[in-house]
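The values are calculated or read from the model by the stated rules, or taken from the named source; none is laboratory data. Source: prediction; values computed, not measured.
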Amino acid sequence: MNAAFVVVFSAGQQALAAARQARQDAGTETSRARQGETDARAETERARADACRERDALREYHKAQLTAARELTAAERARAERAETQLEAERTDRRTLTSHLTSTGSDNSHPGQIPDETGTRTGRKD
């Protein structure tokens, strides 16, 4: 009976040792899984931070582009307004000259005289 008891006792010890090993292996796997989860969370946070920085950089870039476009538009508008003002001044000068030439051409009583701003004829200004 002693031999049977030793075999049963030995099998029990082996089962107990196997159970302890399985528990240790499970603990190790649990630790690895927790570490993997922690690493994944850290990587997710890094990715979010990178995405946030990229988004902020793009936002600033687009703001700068919009500001530049507004400034260019304002500069072009101002240039166009100056050109229109200059053109209107030149048109006014031409109308004045044309009216003087037209009135001189219809009044041949005083050839050689050019009307001044008041319309009075004066000697030729050469």
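Miscellaneous remarks
- Lone qualifier among ALA15, ALA26, ALA68, ALA19 - being assigned to a helix (DSSP H, G or I) and at pLDDT 95 or above: ALA68
Let's see how each residue does on (1) part of a helix (DSSP H, G or I); (2) at pLDDT below 95; (3) of a type in the set (A, V, I, L, M):
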{"site": "ALA75", "(1), (2), (3)": "yes, no, yes"}
{"site": "ALA83", "(1), (2), (3)": "yes, no, yes"}
{"site": "LEU87", "(1), (2), (3)": "yes, no, yes"}
{"site": "THR96", "(1), (2), (3)": "yes, yes, no"}
{"site": "HIS100", "(1), (2), (3)": "yes, yes, no"}
{"site": "SER103", "(1), (2), (3)": "yes, yes, no"}
{"site": "GLY112", "(1), (2), (3)": "no, yes, no"}
